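The structure appears right after this line, and notes come after that.
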Amino acid sequence: MQVEYPKAKWTDKFLLLDMFEGLKTTLRELFKPKVTIRYPEERLEPANRFRGMFKFSYDRCIACKLCAVACPIDIIYIDVHDEQREVDGKMKKLKVLDRYDIDVKRCMFCALCEEACPTKPKSIWLTTKTYELATYDRNDLYFNMQQLEYWDDRPRFAGLPEAESEGRIEGGRKQIEGGTQ
Amino acid sequence: MTPALMKYLVWPLVKFLVAFVIVQVIVAAMNWVERRLLGLMQARLGPNRVGYKGLLQIIADPIKFILKEDIVPSSAEKVAYFLGPILPLIPAFLVFCLIPYGPPPTFVVTHVNVGLLLILALTSTGVYGIILGGWASNNKYSLMGGLRSAAQMVSYEVPFGLSIVGVLMLCGSFDLVHIVNYQAHNIWNLFPQIIAAFIFFVSMNAENNRTPFDLPEAESELVAGYHTEYSAMKFAFFMLAEYSAMLVNCCLMVSLFLGGWTLSISGYGLTTATLQAMGIWGGILGAVIFIAKVLFFMLVYVWFRATFPRFRFDQLMELGWKWMIPLALANIAVTGLVILAAPQGGGEIALSAAGVIIIAFTLYLLFRPKPKVVAHAG
């Protein structure tokens, strides 16, 4: 396709029309609404497929370890033992989870574990729409089974213990917990 | 206290102090206004965290400057390094006692009948500090920034001065009060001297090292130019001098081309006499009109900065020497010829008509319905 622009006349050049055109553009831009999100006060809702913090369901998990196998960097740690249990009047051999830890600080959020999970619905998933994962201590990013399952909307706001005791962190935590979804 | 002492020492001092405080407030506020406006024009928000809409930034910035560490490079030339930020500050502040802010006598600090010449002489000394600071820092970027600044300011001093000549020929005086009164009783010099006004404004941008002529501090080439090695209050002094010089040039622009504190055409409207008849409140009204016009031009500075990309150095020199100076000289010649050819104010009317036609035609071209871009398969 060929685009033909109107030719600049000598009057346009003499009167520096391009420059005034530029000034017009910036002036128009001044009054346009801005799309900036003022982060702590305003929050953007992530897309439905956004990969955020893990959520784990102990009840659904069948301890097959497929997620640990799928993990490209091996940050899922699973310990299992067998148990004889009575299910529907019969004795059955069941796998029982002892440990299900994820080292989130090394995770790259590829969601291959979620894809590998054979249960329906998935017993490990990342589409929780959370993104406030920062902590003051990197050890706080090592999550065990209970921590993976029992956080509410967002991961806990891990503050410095002394700052927390002085109540300096409180405001921030309230904002995060009460923030819009 | 003798009346002479009151007239020549105490009152000018008091007036100067009041003007100085107002100028400093405007300069400090400009920092916030500029960042905020630039942000809004660049599709972001700008500083909005401190206070309401970020307004406390005006106070936060000076506090930051005062608290920062004052670093002197070990290989710097100490005396020159200290003089660098102070030298441009002195003329920038001194000039404010030569500018008439409102109707005389109350709002004129010192009534000098060659005030315009004095102002030009003082403002052009500001470049010494920049060169000295750039050289004393013992840093090649600083030195290059200083040298560029020298070349640029000397080059644009010429069209800056030449563009005023047309105004002087029309008004016949170097006295800013007289020039303002002349405009109040005829027409704003913007219209008969539209080309001079344009050259004046562009040269004024170049004089103050503002974008698109900010080569002395081109951050993509020279780190920060002449103030690379300066920190804390010394850097703040450079900034203060730059913004004060901007304000001075805006005051000059308003006095020379936009009728200063008056709002009238050929004697109708708020002339100096009407304002003087209204007493002190008329004076304050005049000063407010003056400040409003000055602030408009300060905003135009920011607007320019948001719009235009930086020139290359040879382009800058070419624009100055090959376009601005010949254009200014042609403007002087045409103005002189028209004044001689049509005496008794006829020349003034002819020039004004030409100016109005140029402005109207530019506005028409700018806001005409655009011809559609033609696209066809090929």
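The values are calculated or read from the model by the stated rules, or taken from the named source; none is laboratory data. Bear in mind the structure is a predicted one, so any value in this text is a computation, not a measurement. Counting neighbours? That spans all protein chains shown, and the Cβs are built from the backbone with ideal geometry, glycine included.
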(message) Just the residues that are crowded, with 17+ Cβ neighbours inside 10 Å and over 15 Å from A:K65 (Cβ atoms), please, taken from region A:100-121.
(response) A:V104, A:C107, A:A111
(message) Anything in region B:52-80 that is part of a loop (DSSP other than H, G, I, E, B) and within 25 Å of the chain's Cα centre (by Cα)? List them, or say none.
(response) B:L55
(message) in a loop (DSSP other than H, G, I, E, B) and more than 22 Å from B:M298 (Cα to Cα): which single residue out of B:R44, B:R49 fits that description?
(response) B:R49
(message) Return the residues of region A:11-20 that are at the interface with another protein chain (Cβ under 7 Å from one of its Cβ atoms) and either in contact with a Ser or Thr (Cβ under 6 Å, 6 or more places away or on another chain) or among the acidic types (D, E) (or both); say none if nothing qualifies.
(response) A:D12, A:L15
(request) Go through the residues of region B:280-287 one by one and say whether even a single one is at pLDDT 90 or above, more than 18 Å from B:F191 (Cβ to Cβ) and either away from chain A (no Cβ under 14 Å) or out of contact with any Leu (no Cβ under 6 Å at 6 or more places or on another chain) (or both). (result) no
(request) Please specify each residue of region B:71-122 satisfying the condition of being β-branched (V, I, T) and either surrounded by fewer than 16 Cβ atoms within 10 Å (Cβ to Cβ) or at pLDDT below 85 (or both). (result) B:I71, B:V72, B:V79, B:I86, B:I90, B:T106, B:V108, B:V109, B:T110, B:V112, B:V114
(request) Among the residues of region B:36-64, write down those that are more than 14 Å from chain A (Cβ to nearest Cβ) and in contact with a Pro (Cβ under 8 Å, 6 or more places away or on another chain). (result) B:Q57
(request) Among the helices (runs of 4 or more DSSP H) lying completely within region B:187-297, list those that include at least 3 residues that are within 18 Å of the chain's Cα centre (by Cα) and under 24 Å from B:Y156 (Cβ atoms). (result) B:194-207, B:232-257
(request) All but one of (1) more than 18 Å from the chain's Cα centre (by Cα); (2) assigned to a helix (DSSP H, G or I); (3) touching a residue at least 60 places away in the same chain (Cβ under 8 Å) hold for B:S163, so report the exception by its number. (result) (1)
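Residues are listed down the side, and each one gets a yes or a no for (1) within 14 Å of chain B (Cβ to nearest Cβ); (2) more than 19 Å from A:T127 (Cα to Cα); (3) not polar (S, T, N, Q):
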site: A:P33; (1), (2), (3): yes, yes, yes
site: A:I37; (1), (2), (3): yes, yes, yes
site: A:R49; (1), (2), (3): no, no, yes
site: A:G89; (1), (2), (3): no, yes, yes
(message) Every residue in region A:71-81 that is under 12 Å from A:M145 (Cα atoms), among the β-branched types (V, I, T) and either outside any strand (DSSP E or B) or touching a residue at least 24 places away in the same chain (Cβ under 8 Å) (or both), please.
(response) A:I76
(message) Can you say whether B:R368 is within 14 Å of chain A (Cβ to nearest Cβ) and over 19 Å from B:S203 (Cβ atoms), as far as the supplied structure shows?
(response) yes
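Condition check ((1) surrounded by 10 or more Cβ atoms within 10 Å (Cβ to Cβ); (2) assigned to a loop (DSSP other than H, G, I, E, B); (3) out of contact with any strand residue (DSSP E or B) (no Cβ under 9 Å at 6 or more places or on another chain)) across all residues:
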site: A:L27; (1), (2), (3): yes, no, yes
site: A:V35; (1), (2), (3): no, yes, yes
site: A:R49; (1), (2), (3): no, yes, yes
site: A:E83; (1), (2), (3): yes, no, no
site: A:V96; (1), (2), (3): yes, no, no
(message) I'd like to verify a number: residues in region B:311-363 that are closer than 27 Å to B:E207 by Cα, of a type outside the set (A, V, I, L, M, F, W, C) and either in a helix (DSSP H, G or I) or at pLDDT 85 or above (or both), how many?
(response) 11
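Residue-wise test of (1) within 21 Å of B:Q42 (Cβ to Cβ); (2) of a type in the set (K, R); (3) within 14 Å of chain B (Cβ to nearest Cβ); (4) in contact (Cβ under 8 Å) with a residue 40 or more places away in the chain.
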position	(1), (2), (3), (4)
A:K24	yes, yes, yes, no
A:F54	no, no, no, yes
A:S57	no, no, no, yes
A:R60	no, yes, no, yes
A:K65	no, yes, no, no
A:V69	no, no, no, yes
(request) Six or more apart or on different chains, Cβ under 8 Å: which pairs go from a residue in region B:87-112 that's over 11 Å from B:G283 (Cβ atoms) and of a type in the set (D, E, K, R) to one that's modelled with pLDDT of 85 or more and surrounded by 18 or more Cβ atoms within 10 Å (Cβ to Cβ)? Could you list them? (result) none
(request) Sort out which residues of region B:215-232 are in contact with a Lys or Arg (Cβ under 8 Å, 6 or more places away or on another chain), surrounded by fewer than 19 Cβ atoms within 10 Å (Cβ to Cβ) and not hydroxyl-bearing (S, T, Y), and write them in order of number. (result) B:A232
(request) For region B:62-69, indicate whether the set of residues that are crowded, with 17+ Cβ neighbours inside 10 Å, aliphatic (A, V, I, L, M) and touching a residue at least 12 places away in the same chain (Cβ under 8 Å) is non-empty. (result) no
(message) Suppose the filter is closer than 30 Å to B:G39 by Cβ and modelled with pLDDT under 85; does B:G54 pass it?
(response) yes
(request) Could you tell me whether B:L316 is more than 11 Å from chain A (Cβ to nearest Cβ), loosely packed, with under 11 Cβ neighbours inside 10 Å and out of contact with any Cys (no Cβ under 7 Å at 6 or more places or on another chain)? (result) no
(request) Specify the residue that is nearest to B:A224 (Cα to Cα); the eligible residues are those in region B:117-175 that are touching a His at 6+ places or on another chain (Cβ under 9 Å) and among the hydrophobic types (A, V, I, L, M, F, W, C). (result) B:I130
